[in-house]
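The values are calculated or read from the model by the stated rules, or taken from the named source; none is laboratory data. Not measured: the values here are computed from a predicted model. Ideal geometry is used to build each Cβ from the backbone, glycine not excepted, and the neighbour counts take in all protein chains shown. The protein model used for the area step is the full one, side chains on, heavy atoms only, and it has no ligands, DNA or RNA in it. Shrake-Rupley method; radii C 1.70, N 1.55, O 1.52, S 1.80 Å.
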Amino acid sequence: MRKSPKQQRSQKMVDALIEATGRAIAEHGLAHASTNHIAVLAGVSVGSLYQYFDSKGALLEALLDRLSRDLAGLIDQRIDSLLDADVRSTVHGLLSAVFAFMQKDEGLYLELARNWHQLHSMRVVDVLERHMFEVCRLYLLRHLNQFRIANPHAVLFVIINSTLMTLIRYLSQPNSHLRKDEIIDCLSDMLAAYMQSLNEAPVKA
């Protein structure tokens with residue numbers, strides 16, 4: 001970002017530009033959305049846009065940062081009501097909320113997901129991975145007597161990244177033959193079975 005917003009008016013301008021970036025991508029596609037499109041949708045001149053962002057890439061980074069914060073906030077809103085649930089119900093509840101979030105607001109974020117390979121950025125995944133590590137840690141502490149995990153760091157790494165990569169792969173396919181409910185059910189069943197298997201595995205000497 002070229003200019004850091006120090007006044008409320010400037011912050012509103014930045015927020016409007018980031019919002020317009022999402023709308024431009026939803027309307028024109030990631031490849032064809034331009035700074036001109038973004039400026040028009042934000043109701044500002046291109047010159048004003050360039051006072052705050054030096055390129056379309058900088059606007060995309062800001063939009064990805066917002067996506068990261070929004071998803072992390074969504075998880076925080078849901079987790080308190082799910083910490084006492086079983087693994088399958090917890091996973092199912094969180095994934096259902098994430099899919100609903102991605103599909104709202106005329107699919108502002110779906111176009112990003114569909115063109116993930118062009119973004120050359122893992123910033124959203126990195127933020128969510130760190131956030132989900134903390135959420136999973138809280139869940140395991142709440143269910144300390146239920147799960148025996150010899151190497152929790154490795155287990156959580158596999159669980160979290162398997163889920164995130166499956167979601168990205170699914171969302172990046174605009175005409176998938178699979179329904180979202182099938183993805184949610186399969187991931188919920190898989191993670192619940194995996195966690196159960198940890199308790200059934202023999203303890204290593």
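Things to note:
- Summed over region 174-199, the residues that are open to solvent by less than 70 Å² (accessible area, probe 1.4 Å) and polar (S, T, N, Q) give a count of 4.
- Among (1) touching a residue at least 40 places away in the same chain (Cβ under 8 Å); (2) in a helix (DSSP H, G or I); (3) open to solvent by less than 60 Å² (accessible area, probe 1.4 Å), the one test that PHE147 misses: (2)
- Residue ID - nearest to ASN115 (Cα to Cα), chosen from residues in region 15-37 that are open to solvent by 60 Å² or more (accessible area, probe 1.4 Å) and assigned to a loop (DSSP other than H, G, I, E, B): ALA31
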